[in-house]
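Below is one structure, written out as structure tokens; the observations come after it.
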Amino acid sequence: MRLKFIYLFTIWCLAIVTPLSSFANDDPTNSVNDDPVKLENPMNVAYLKKKLRKGSPRLILTPAIEKQLKKDLKSDEVVKNMYEAIKLNAEEIQQQPLLERKMEGRRLLGISREMLYRMNILGMVYRMDKNQKVLDRINDEVIAVCNFSDWNPSHYLDVGEMSLAVALAVDWAGEDLPTSTVELAKTSLVEKGIKPSYNKEGNTGWVDGNNNWNQVCHGGMIAASIIVAEQEPELAAETIHRALEGMPHALEEYGPDGVYPEGSTYWSYGTSFSALTASMLESAFGTDFGLADYPAFKESAEFRVLSMAPSGWYYNFADCGDRRSENGDFTLAWFATKTGNDVYFEKERFLRDPAEMGELVRSAGAGLVWLSQFDEDGGKDLPLAWKGDGSNPVVFFRSEAGNSHNYYFGGKGGRGSVNHGNMDAGSFVFEVNDVRWVVDPGNQSYNALEQTGFNLWGRCQECERWTLLTKNNYGHSTITVNNALHHVDGFASITDFQDGEQPEATIDMSAVFGGKASSATRRFVKEDNQSLLIEDQIKPSDSTQLITWQLMTTADVDITDGGATLKQDGKELKLENISHPELMVSVISLDPAPLELDRQIDGLKRLEIRIPAYLMAEDGETIRVRLSAE
């Protein structure tokens, strides 16, 4: 695909080239269920004093875990190779200036994330090699950030990530750092990390929120609390207790089947922090209080793997990045350690030439521990057809491993008002023969939009978010009625799913049109490893004027009798208008996109089949389109 800019999300694990996502949902308060399944929560001061491991390391590492890791550095080719990459990153970090409190718009998040990256890398190298030069650099980094005026509590993700970074530095190197540095760090963790999270007038809606803010901020607060527990046992116990009460509000969003409603790269962000949190709790208390076994949490790893297409592109619905990194996915490796399933352990990617890996994700130090802990225990193959329900349900079809056509389909229901959601119910992406023929326009820079005064985060029906092509239904391969926006709160559910030789899924889109159609369903069928059938059954209402069938592509398009031919990378895809061959396919160029603020994508166009109401039968109209490759 040819893009004017490929907007790669910097999200923690998984294969993204730069450390964790540079962006995060700026509505931390979206809590919808006051009574999720709870975690175990015995936390109080007495429990803390009795159960907390004495001494360091106790965040992710323990003396026993560290001993095994050092053994694996000599005998395990994956661990050894990734440590070489970590050491190369450490050398590069030491050539960079110390961090300064430089805001990007209203965020300090980039600085916090860089600090977390540096402490993961430098901290792990120091644990393994005890290099004085590395220790000195850790000391300088900690002093620099702890002397910031604050860690920007108005945007609490910044505090969460910085708190985790400083906590790791103290835990992994504190026994050898100057006493003054450790005292400064612990004071900062209390005054700049934990205490602002109790400011009821501050940005603390994440405490019981249901999105990634919950996972990130609670993780940072737990890390800080473990580090200061001896000095501030009441505050530490209260903060960890609050986290164990609050985290289920975000964890329940994985249910019932493991779909992360914010999309694949945000799975990487939120889930990586939950994995870190589970690891920290286990190392500090000997238990994660049920986090790893929370309903549908482990199943979400399957969603993550299925979201990555053979081409290297994600199924990039919601505010998701475009492509994965070539490097191995550390967060998936954590799931591999918990399940024994090697499908989640990307061995060949972890064995890439360390010199070619570039800057690693900011969980790399912890990730090395997870690689060391993996013990293969069978596991199951990925399904060729999969459906996941929840607040943003999705379905996948793919071809078997080794099939030359590399068939890949991802489709979805949901609603626009979900976290990081778009008006994309009924939309899909489609790949065959190593070409992404049907595209999602993906995401775009939050800060660039916000600097213009654009209201990106409002999710009402008339909110400004829906003027963007990446967010509204005009930029997605779905159905539009009367040229109108989808109803933002209208939910599209997957009402039928059938596995087998010709898997299919049906989505009820009726509520999406807000009464502009009496009923509407969309059915996807994988006919074989080269073709996809899309069947829409729409019953008009008195207000129905026009039905527009849409397909987004960057391919070249030739209009033919009864359809069109798409051409890209020397290959072709046939679009056959089975039900209405007399209606010509229209091509709407979206290069340039309608608004200056829109993401500009080379060659983007929308194919349309427009059916006016006067051509529709009163009892309903069926639109059938087949996409097929040679």
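The values are calculated or read from the model by the stated rules, or taken from the named source; none is laboratory data. It should be emphasised that the depicted structure is a prediction, and the values quoted were computed from it without experimental measurement. Reconstructed Cβ throughout: ideal geometry from the backbone, glycine too, with neighbour counts over all protein chains shown. With ligands, DNA and RNA removed, areas are computed over all heavy atoms of the protein, side chains included. Shrake-Rupley method; radii C 1.70, N 1.55, O 1.52, S 1.80 Å.
Things to note:
- Neighbourhood charge, 14 Å Cβ-Cβ cut-off, centred on VAL394 and excluding it, Lys, Arg +1 and Asp, Glu -1: -2
- Short-range pairs are left out: with C-alpha atoms under 8 Å and at least six residues apart, the relative contact order of the chain is 14 percent.
- Cα gyration tensor, segment 183-312 - rounded (a/c under 1.5), prolate or oblate: prolate
- MRE, 222 nm, helices only [DSSP H, n ≥ 4, -39500 (n - 2.57), over the chain, to nearest 500]: -9500 deg cm²/dmol
- Of all accessible heavy-atom area on the chain, the percent that carbon and sulfur account for (1.4 Å): 46
- Short to long, the 10 Å bins of the Cα pair-distance histogram for segment 392-490 hold 15, 41, 28, 13, 3 percent of all pairs.
- A straight line joining the Cα centroids of segment 42-59 and segment 482-504 runs 48 Å.
- Over segment 295-429, Cα pairs under 8 Å with separation of 6+ residues give a relative contact order of 20 percent.
- Members of LYS130/LYS347; LYS380/LYS526; LYS526/LYS574; LYS298/LYS338 lying beyond 19 Å, as alpha-carbon distances in this model show: LYS130/LYS347; LYS380/LYS526
- Cα-Cα over 26 Å, subset of LYS412/LYS539; LYS50/LYS200; LYS54/LYS195: LYS50/LYS200
- Cut-off 13 Å between beta-carbons: net charge of the residues surrounding VAL557, Lys and Arg +1, Asp and Glu -1: -1
- Working note: Cα atoms of segment 46-176, range along each principal axis, descending, whole Å: 47, 45, 25.
- Average accessible surface for the chain: 35 Å² per residue, computed with a 1.4 Å probe over protein heavy atoms with every protein chain in place.
- Part-to-part distance (alpha-carbon centres) for segment 273-352 and segment 112-138, which is given in Å: 24
- Seen from LYS571, the other residues with C-beta closer than 13 Å to its C-beta sum to a net charge of -3, counting Lys and Arg as +1 and Asp and Glu as -1.
- All Cα-Cα separations within segment 254-380 were binned at 5 Å from zero, giving a P(r) of 2, 11, 20, 25, 23, 14, 5, 1, 0, each value a whole percent of the pairs.
- For TRP386, TRP334, the ranking by accessible surface with the largest value first comes to TRP386, TRP334, using a 1.4 Å probe.
- Rounded if a/c under 1.5, otherwise prolate or oblate - segment 31-120, Cα gyration tensor axes: oblate
- Qualifying GluC sites (Glu not before Pro) for segment 465-553 [loop in DSSP, other Cβ within 10 Å: at most 16]: GLU501
- Among the GluC sites (Glu not before Pro) in segment 73-150, those located in a DSSP loop and surrounded by at most 11 other Cβ atoms within 10 Å of their own Cβ are GLU100.
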